[in-house]
Amino acid sequence: MTQRDFIQRLPKAELHLHIEGTFEPELMFEIGRRNNVKSRFATVEALKEAYNFHNLQSFLDIYYEGAGVLLHERDFYDLTMAYLERCHEDNVVHTEIFFDPQTHTDRGVSFATVYNGIRRALDEGKAKWGITSHMIMCFLRHLSEEAAEKTLTEALPFKNGIIAVGLDSSEVGHPPKKFKNVFERARKEGFLTVAHAGEEGPPEYVWEALDLLKVKRIDHGVRALEDDKLMARLVKERMPFTVCPLSNIKLRVFDKMEDHNLKKLLAQGACVTINSDDPAYFGGYMGANFNETARGLNLSESELRQIAKNSFEASFMTPFEKIRWMNLCDQA
Ligand code: HPA
Ligand code: ZN
């Protein structure tokens, strides 16, 4: 069996995926036409040429622009169905997807439109392919805590369908501590918490995510390796890292896959997972992320199996389901 086949056979959970980042150019043009929203790019090819990022912000500018054609419930449904089809192809059996309500509500699209479109697709994905899922609502950290508070209030009628809140967008200059109060209220309302930290930001932001936001997972977290004390704590607590290797290369967190620190994190005993982040923009879904990382870092079957098992351990599934899937990883 080739390594590619082995990766395909491994059941996998995806824990770091922005649904707006699965927007393939072809679908973006189709929905743009349908909704009469003009793009500044004339063709799919011209748009793809703009996918030449040098850091997180240069990506975010294009990502928010692309999301601008999403207006109706059907658009969010189509976007999510297209992603779930990729999950099915890559043997991703469980996914916990981020959505950014503020990207849409700030354009006049209602919270319910966004939520209902994604939810309908997730329910259909479960019925059609057996893919289980959770929704995680992210606050945009370049906006104020007050704006996040407003979004949390809007989410309350939907809280049974949203398992956690997260924090994304421009990291540097917007530390986790800026959102301490809104995360505290979210926890009181029953939401779990996660946060992007240590992608471009310093290890200090990872400390804050742990101590002030009380996160259950660190999204990215690769810069934690610069701080030995922090690493010791993360390993001891088996705090999951949702690492996104192709994203990190595209946004120049590392120059090339061979330089990525995922294997070092794993060797230190960290609960490392592999995820696709914004696959339409970064060159691939889960299969591609696993294959490219395995190639660049020379990962063994046992390391790959461990990473897949970690994805279930780190998920928000029930303990029973976690064990069931981890056993199935052992049999792959
Ligand atoms: N980092 C921060 N914000 C994001 C990302 C990311 O990788 N993707 C989409 N929003
Ligand atoms: Zn992300």
(request) All but one of (1) surrounded by 14 or more Cβ atoms within 10 Å (Cβ to Cβ); (2) closer than 29 Å to ILE249 by Cβ; (3) of a type in the set (A, V, I, L, M, F, W, C) hold for PHE111, so report the exception by its number. (result) (2)
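Considering only the stretch 156-192, how many residues are more than 16 Å from ligand 1 (Cβ to nearest atom) and not small (Gly, Ala, Ser)? Lay out the reasoning, then the answer.
If we filter the stretch 156-192 for residues that are more than 16 Å from ligand 1 (Cβ to nearest atom), which is where we start, we get 156-163, 177, 180-192.
Checking the rest, the ones that are also not small (Gly, Ala, Ser) come to 156-160, 162-163, 177, 180-185, 187-189, 191-192.
Matching residues across the stretch 156-192 total 19.
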(request) Tell me, please, whether a residue that is farther than 21 Å from SER315 by Cα, more than 15 Å from ligand 2 (Cβ to nearest atom) and surrounded by 15 or more Cβ atoms within 10 Å (Cβ to Cβ) can be found in the stretch 161-176. (result) yes
(request) Would you mind stating whether GLU30 is within 16 Å of ligand 2 (Cβ to nearest atom) and either touching an Asp or Glu at 6+ places or on another chain (Cβ under 9 Å) or among the β-branched types (Val, Ile, Thr) (or both)? (result) no
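One line per residue, one yes/no per condition, for (1) part of a helix (DSSP H, G or I); (2) more than 16 Å from the chain's Cα centre (by Cα); (3) over 25 Å from GLN306 (Cα atoms); (4) within 16 Å of ligand 1 (Cβ to nearest atom):
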site: ARG4; (1), (2), (3), (4): yes, yes, no, no
site: VAL37; (1), (2), (3), (4): no, yes, yes, no
site: ASN52; (1), (2), (3), (4): no, yes, yes, no
site: ASP78; (1), (2), (3), (4): yes, yes, yes, no
site: CYS87; (1), (2), (3), (4): yes, no, no, no
site: GLY108; (1), (2), (3), (4): no, yes, yes, no
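Considering only residues that are away from ligand 1 (no atom under 16 Å from the Cβ), of a type outside the set (A, V, I, L, M, F, W, C) and open to solvent by less than 50 Å² (accessible area, probe 1.4 Å), which ones fall in the stretch 17-35?
Filtering the stretch 17-35 for residues away from ligand 1 (no atom under 16 Å from the Cβ) gives 25-27, 29-35.
Filter again for of a type outside the set (A, V, I, L, M, F, W, C), leaving 25-26, 30, 32-35.
The answer is PRO25, GLY32, ASN35.
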(request) Report, by residue number, each residue of the stretch 141-160 that is open to solvent by less than 40 Å² (accessible area, probe 1.4 Å) and of a type in the set (Gly, Ala, Ser). (result) ALA147, ALA148, ALA155
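For the stretch 230-266, which positions are small (Gly, Ala, Ser) and within 20 Å of the chain's Cα centre (by Cα)? Steps first, answer last, please.
Looking only at the stretch 230-266, we keep the residues that are small (Gly, Ala, Ser), and these are 232, 247.
Matches in the stretch 230-266: SER247 only.
Out of curiosity, is ALA46 out of contact with any strand residue (DSSP E or B) (no Cβ under 6 Å at 6 or more places or on another chain), assigned to a helix (DSSP H, G or I) and on the phi < 0 side of the Ramachandran plot? So that I can check it myself, show each step before the final result.
Values: out of contact with any strand residue (DSSP E or B) (no Cβ under 6 Å at 6 or more places or on another chain): yes; assigned to a helix (DSSP H, G or I): yes; on the phi < 0 side of the Ramachandran plot: yes.
Against the criterion (out of contact with any strand residue (DSSP E or B) (no Cβ under 6 Å at 6 or more places or on another chain), assigned to a helix (DSSP H, G or I) and on the phi < 0 side of the Ramachandran plot), ALA46 qualifies.
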(message) Please go through the stretch 236-274 and give me each residue that is away from ligand 2 (no atom under 16 Å from the Cβ) and either in contact with a Ser or Thr (Cβ under 6 Å, 6 or more places away or on another chain) or modelled with pLDDT under 95 (or both), ordered by number.
(response) none
(request) Identify all residues within the stretch 134-160 that are touching a Gly at 6+ places or on another chain (Cβ under 7 Å) and away from ligand 2 (no atom under 16 Å from the Cβ); write none if there are none. (result) LYS159
(request) Tell me which residues, restricted to the stretch 20-51, are free of Cβ contacts under 8 Å to residues at least 24 places away in the same chain, touching a Gly at 6+ places or on another chain (Cβ under 9 Å) and not charged (D, E, K, R). (result) LEU47
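The values are calculated or read from the model by the stated rules, or taken from the named source; none is laboratory data. It should be emphasised that the depicted structure is a prediction, and the values quoted were computed from it without experimental measurement. Using ideal geometry, Cβ is built from the backbone for each residue, glycine included, and neighbour counts are taken over all protein chains shown. SASA here: full protein model, heavy atoms, side chains in, ligands and nucleic acids out. Shrake-Rupley method; radii C 1.70, N 1.55, O 1.52, S 1.80 Å.
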